[in-house]
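Each remark here refers to the structure printed beneath this line.
The values are calculated or read from the model by the stated rules, or taken from the named source; none is laboratory data. Because the structure is a prediction, the values reported are computed rather than measured. With ideal geometry, Cβ positions are generated from the backbone for all residues, glycine too; neighbour counts draw on all protein chains shown.
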Amino acid sequence: MSDFTPARLDHRPRPTPRDLRNDVWLAAALFVGAVLSAALGAVSGFYGEDTPGMQWALLYAFGLTAPLAVRRRFPELVVVAIALVFFVGVSSRIPELYVSNIAIFIAVYTVGAWVDDRRRALYVRAGVIVAMFVWLLVTTFQAAIDPTDDGLSQAGFFSPFAAFMLIQFLVNAAFFGGAYYMGDRAHAAALSRAALEERTLELEREREVTAAQAVALDRVRIARELHDVVAHHVSAMGVQAGAARAVLERDPEAARTTLLGVEASARSALHELRQLLETLRTPAADADGGSAVHLSGLPDLVRHANENGLPTTLTIVGDPVDLPELVQVNVFRVAQESLTNARRHGGPDAAADVRLRYGDDAIELEVANTGRSVVASRPGLGLVGMRERAIASGGTLDAGPRARGGFLVRLRVPVPSGADVGAREGARS
């Protein structure tokens with residue numbers, strides 16, 4: 001499991017149609033609440049008898065709440081409009097104090113949550129908040145110098161009037177501070193959520209690409225195994241069938257023996273194909289080979305080449321080591337394909353020599369054959385498959401014609417650290 005930090009985005013996703021519809025419903029609900037609050041405030045005599053008529057309360061409620069219907073589209077204009085309406089309504093002593101506070105809180109919050117230009121969001125909110133506190137200071141000063149005896153007593157160092165004004169300042173500080181903080185947090189959370197969603201989409205795309213690559217690699221691996229199995233046995237069957245045809249009339253017994261060899265090769269091919277298909281159907285058979293052949297089968301491979309018209313020798317140099325199954329399969333298949341190509345292209349007088357060297361840090365396979373040196377205009381599937389096997393094993397492969405005739409394939413594969421020396425001796429004991 002990999003750790004990652006979501007990329008920081010510079011803008012949050014735009015509001016959805018559902019968000020915009022919800023803003024309209026919010027504005028409508030707050031409008032109804034503001035009308036009821038103003039009506040109840042007038043009945044309760046919150047500002048006494050000197051209050052504007054109900055028609056002004058309706059206009060005030062509409063001015064407070066209607067802008068909220070477009071708050072996510074034009075957050076800066078909405079907060080300025082609601083702040084101006086709030087100033088006018090309170091100064092005019094319209095008896096509504098609760099929904100107006102909710103409306104201005106939502107407007108300040110929306111600027112922090114939805115304006116991507118953070119500097120502009122800071123300036124707009126700071127301007128509205130400073131204007132509110134300046135207005136509060138002015139009204140406090142006016143109340144303090146009011147010569148009438150109405151209102152709270154101002155007598156004493158910490159008078160009821162001073163306590164009330166202090167509460168007003170503290171409540172407003174908490175009110176606007178909360179709106180400011182919550183707006184910033186909402187914007188940051190929206191950016192993080194958008195980044196996570198984008199990363200999720202990227203991971204999903206990467207998963208699809210990885211799955212497609214895995215399927216492609218499996219197809220290549222299956223094609224490579226099928227090519228090596230089929231080409232090896234079919235080429236041998238072709239040589240044997242040709243030999244049987246050549247002696248069919250003058251030596252029927254020899255032809256019969258050769259045809260028995262063709263039958264044996266066909267059975268061997270079917271047997272290897274069955275093993276390959278069973279391995280592919282087994283869930284546990286993944287990248288560690290997917291085949292039933294190993295380096296221990298090299299003597300049988302050389303014997304098969306000798307029996308099918310390609311004189312071949314095998315030399316093993318050094319102490320064998322315990323290699324991963326993938327490496328053993330790939331080295332064996334390279335040797336098999338090299339002998340198949342020698343039998344197909346080397347001519348009737350071709351011979352081959354297989355050398356396997358175990359070194360301290362690598363194993364080397366050399367398959368040299370005499371005869372013709374056929375170089376195609378482009379590499380065939382067999383040579384391509386051998387190079388793929390070399391790469392899959394972490395090794396290198398050189399293949400090409402020899403100066404003195406014939407063809408040479410040299411495979412070098414690093415030996416994994418910790419490989420056990422003397423694996424063959426241990427297997428024999």
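This table checks each residue for (1) among the hydrophobic types (A, V, I, L, M, F, W, C); (2) modelled with pLDDT of 85 or more; (3) on the phi > 0 side of the Ramachandran plot; (4) in contact with a strand residue (DSSP E or B) (Cβ under 9 Å, 6 or more places away or on another chain).
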| residue | (1), (2), (3), (4) |
| --- | --- |
| ARG120 | no, yes, no, no |
| SER159 | no, no, no, no |
| LEU170 | yes, no, no, no |
| ALA179 | yes, yes, no, no |
| LEU201 | yes, yes, no, no |
| ARG219 | no, no, no, no |
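Could you pull out the residue among VAL124, VAL138 that is modelled with pLDDT of 85 or more, in a helix (DSSP H, G or I) and among the hydrophobic types (A, V, I, L, M, F, W, C)?
Working: VAL138 fails: modelled with pLDDT of 85 or more.
Just one listed residue meets the conditions, VAL124.
Considering segment 170-196 alone, what residues qualify as being more than 30 Å from the chain's Cα centre (by Cα) and exposed (fewer than 14 other Cβ atoms within 10 Å of the Cβ)? Walk me through how you get there before you give the answer.
Within segment 170-196, the subset more than 30 Å from the chain's Cα centre (by Cα) is 170-183.
Those that are more than 30 Å from the chain's Cα centre (by Cα) and exposed (fewer than 14 other Cβ atoms within 10 Å of the Cβ): LEU170, VAL171, ALA173, ALA174, GLY177, GLY178, TYR181.
Among the residues of segment 310-323 satisfying the criterion of being out of contact with any Asp or Glu (no Cβ under 6 Å at 6 or more places or on another chain) and either aliphatic (A, V, I, L, M) or buried (at least 16 other Cβ atoms within 10 Å of the Cβ) (or both), which is nearest to VAL262 (Cα to Cα)?
Once the filter is applied, the top-ranked residue is LEU310.
Only residues that are closer than 17 Å to GLU366 by Cβ, under 47 Å from the mean Cα position of the chain (by Cα) and not in a helix (DSSP H, G or I): list them for segment 291-316, please.
ILE316
Applying the selection to segment 285-307, what residues are modelled with pLDDT under 70 and hydrophobic (A, V, I, L, M, F, W, C)? Before you say what the answer is, go through the steps one by one.
Restricting attention to segment 285-307, the residues satisfying the condition of being modelled with pLDDT under 70 are 285-292.
Matches in segment 285-307: ALA285, ALA287, ALA292.
Restricting the search to segment 351-385, which residues are modelled with pLDDT of 85 or more and within 21 Å of LEU310 (Cβ to Cβ)?
Those that are modelled with pLDDT of 85 or more and within 21 Å of LEU310 (Cβ to Cβ): ALA351, ALA352, ASP353, VAL354, ARG355, LEU356, LEU365, GLU366, VAL367, ALA368, ASN369, THR370.
Going by what's in this entry, would ALA350 be described as of a type in the set (A, V, I, L, M) and part of a loop (DSSP other than H, G, I, E, B)? Working first, answer last.
Working: of a type in the set (A, V, I, L, M): yes; part of a loop (DSSP other than H, G, I, E, B): yes.
Taking the combined requirement at face value, the residue satisfies it.
Residue by residue through segment 381-410, note down the ones that are of a type in the set (Val, Ile, Thr) and surrounded by fewer than 18 Cβ atoms within 10 Å (Cβ to Cβ).
Step one: list which residues in segment 381-410 are of a type in the set (Val, Ile, Thr), which gives 384, 391, 396, 409.
Listed by number, the residues that qualify are VAL384, ILE391, THR396.
Inspect all residues belonging to segment 52-73 and state whether any of them is modelled with pLDDT under 85 and surrounded by 13 or more Cβ atoms within 10 Å (Cβ to Cβ). I'd like the intermediate steps shown before the answer.
Quick first cut of segment 52-73, residues modelled with pLDDT under 85 only: 52-54.
From the residues that got through so far, the ones that are surrounded by 13 or more Cβ atoms within 10 Å (Cβ to Cβ) too are 52, 54.
Looking for residues that are modelled with pLDDT under 85 and surrounded by 13 or more Cβ atoms within 10 Å (Cβ to Cβ), one finds at least one in segment 52-73, hence yes.
What is the one condition in (1) modelled with pLDDT under 90; (2) assigned to a helix (DSSP H, G or I); (3) surrounded by fewer than 14 Cβ atoms within 10 Å (Cβ to Cβ) that ARG21 does not satisfy?
(1)
For the subset of segment 31-46 comprising residues that are surrounded by fewer than 16 Cβ atoms within 10 Å (Cβ to Cβ) and at negative phi, which member is modelled with the highest pLDDT?
Step one: of segment 31-46, the residues surrounded by fewer than 16 Cβ atoms within 10 Å (Cβ to Cβ) are 32, 36, 40, 43-45.
Restricting the remaining residues to those that are at negative phi gives 32, 36, 40, 43-44.
Working: VAL32: 93, LEU36: 90, LEU40: 84, VAL43: 77, SER44: 76.
Ranking the candidates gives VAL32 first.
Of the conditions (1) surrounded by 13 or more Cβ atoms within 10 Å (Cβ to Cβ); (2) at pLDDT below 70, ALA243 clears all except one; give me its number.
Of the numbered conditions (1) surrounded by 13 or more Cβ atoms within 10 Å (Cβ to Cβ); (2) at pLDDT below 70, the odd one out for ALA243 is (2).
For segment 75-106, which residues satisfy the criterion of being hydroxyl-bearing (Ser, Thr, Tyr), over 30 Å from ARG14 (Cβ atoms) and assigned to a helix (DSSP H, G or I)? Can you show your working first?
Looking only at segment 75-106, we keep the residues that are hydroxyl-bearing (Ser, Thr, Tyr), and these are 91-92, 98, 100.
Narrowing further to those that are over 30 Å from ARG14 (Cβ atoms): 91-92, 98.
The one that is hydroxyl-bearing (Ser, Thr, Tyr), over 30 Å from ARG14 (Cβ atoms) and assigned to a helix (DSSP H, G or I): SER91.
Read through the list (1) loosely packed, with under 14 Cβ neighbours inside 10 Å; (2) modelled with pLDDT of 70 or more; (3) β-branched (Val, Ile, Thr), then give the number of the only condition that THR282 fails.
(2)
Just to be sure I understand, how many residues within segment 317-331 are out of contact with any Leu (no Cβ under 6 Å at 6 or more places or on another chain) and either free of Cβ contacts under 8 Å to residues at least 40 places away in the same chain or in a helix (DSSP H, G or I) (or both)?
Keep residues of segment 317-331 that are out of contact with any Leu (no Cβ under 6 Å at 6 or more places or on another chain), which gives 317-327, 329-330.
Next, only the ones that are either free of Cβ contacts under 8 Å to residues at least 40 places away in the same chain or in a helix (DSSP H, G or I) (or both) stay: 325-327, 329-330.
The total comes to 5.
Of the residues ALA255, ALA163, ALA189, which single one is in a helix (DSSP H, G or I), at pLDDT 80 or above and either in contact with a strand residue (DSSP E or B) (Cβ under 9 Å, 6 or more places away or on another chain) or more than 30 Å from VAL293 (Cβ to Cβ) (or both)?
Details: ALA255 fails: at pLDDT 80 or above; ALA163 fails: at pLDDT 80 or above.
Of ALA255, ALA163, ALA189, the one residue that is in a helix (DSSP H, G or I), at pLDDT 80 or above and either in contact with a strand residue (DSSP E or B) (Cβ under 9 Å, 6 or more places away or on another chain) or more than 30 Å from VAL293 (Cβ to Cβ) (or both) is ALA189.
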